[in-house]
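Quick notes on the structure that follows.
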Amino acid sequence: MRYLLNRVAATLPVMAVVAVLVFLLIHLSPGDPAALIAGDMASADDIARLHAALGLDRPLWSQFLLWAGRLAQGDLGTSIFTHVPVSRLLAQRVEPTLSIALLTMTLAVAASIPLGVLAAHMAGRRVDRLVMLFAVLAFSVPVFLVGYLLIYGFAITLGWLPVQGYVPLSKGVGPWLSHLILPCVNLSLVYTALLTRMTRATVLDVLHEDHIRTARAKGLGVVAVLGHALRCAAIPIVTTIGIGIAFLIGGVVVTETVFAIPGIGRLVIDSVQRHDYPVIQSVLLLSAGLYVLVNLLIDLSYRLFDPRIRA
């Protein structure tokens, strides 16, 4: 418990620095939301009145203190353009993004672990080379290009799946899943390649250790030996999965744009184009918090499962 509390306490300064950097980067970037709202025909007086109404005429430190005070109370602010609370906007968009993220990581883990173990077991043979070739290609090809190829092949040419859009889970598992297959397969290729290479490397290292040779000498079968090696190599693989979850944020933005999915990624793109400060700040801060939380969970996995640390 003391270790957990220390780790949680260590994240607070990190989040404070992230909040300051996010605020400064957004407010010091070029662009004026008041001018966009007022339109091309607005006069300087109209823009000045909008600045005062939106609170953008205050000094940066005053704006930051106001935002930080609301944030400490759980208030993410209100969108400049839609006049809707940011928390409500995020709640409306979280289901598509969360669905894509969970299904993507499920597909990536389910495919990469067996492929990596198989490649390690068949190291140097044709199967190993084919798996590594797939990993290199999947990691090298841009996500948006693969997305357009999947749309052209499976949606337009074959007509098996919808081209774009999203159907909520409340309307049925079938329609929900049919709209997620292409974007999740598209996004999972990169993480499948990353996890496959990491699994192969770590399992291959364990297979060369003395205790594995002893297990083989005692007559353990191939499946039992590989399962034991996979358990010993679990910590680096879990670390890679955690990093993949954190990097999934950027991939979701591209995927939702390509497949026209109304998730948080599309909300970010729209907000950046309109310089909607409260929305951008909230999403970036929550993304950083998710990244910190994932790293905290990885640290706890070391503490819980690595016998060397517990000793």
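Overview of results
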quantity	calculated
Within the range 70-167, helices (runs of 4 or more DSSP H) holding 1 or more residues that are acidic (Asp, Glu)	86-121, 126-140
Flag if Leu177 is outside any loop (DSSP other than H, G, I, E, B) and exposed (fewer than 13 other Cβ atoms within 10 Å of the Cβ)	no
Answer residue from the range 83-94, given it is surrounded by fewer than 19 Cβ atoms within 10 Å (Cβ to Cβ) and touching a helix residue (DSSP H, G or I) at 6+ places or on another chain (Cβ under 7 Å) and is nearest to Val190 (Cα to Cα) among those	Val94
Matching residues in the range 132-154 - criterion: being touching a Leu at 6+ places or on another chain (Cβ under 6 Å) and small (Gly, Ala, Ser)	Ala138
Sole residue being in contact with a Ser or Thr (Cβ under 9 Å, 6 or more places away or on another chain), surrounded by 13 or more Cβ atoms within 10 Å (Cβ to Cβ) and within 21 Å of Ile269 (Cβ to Cβ), chosen from Leu98, Leu107, Leu76, Leu71	Leu76
Residue list for the range 150-163, filter: under 16 Å from His179 (Cα atoms) and without any contact (Cβ under 8 Å) to a residue 12 or more places away in the chain	Tyr152, Gly153, Ile156, Leu158, Gly159, Trp160
Filtered residues of the range 185-218 (kept if over 17 Å from Ala123 (Cα atoms), under 24 Å from the mean Cα position of the chain (by Cα) and not aliphatic (A, V, I, L, M))	Asn186, Ser188, Tyr191, Thr192
Filter result (open to solvent by 30 Å² or more (accessible area, probe 1.4 Å), under 23 Å from Leu102 (Cβ atoms) and out of contact with any Ser or Thr (no Cβ under 6 Å at 6 or more places or on another chain)) within the range 191-214	Leu194, Arg197
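The values are calculated or read from the model by the stated rules, or taken from the named source; none is laboratory data. Given the structure is predicted, the values throughout are model-derived calculations rather than measurements. Cβ coordinates were reconstructed from backbone atoms using ideal geometry, including for glycine residues, and neighbour counts include every protein chain displayed. To get the accessible areas, we keep the full protein, side chains included, count just its heavy atoms, and leave off ligands, DNA and RNA. Shrake-Rupley method; radii C 1.70, N 1.55, O 1.52, S 1.80 Å.
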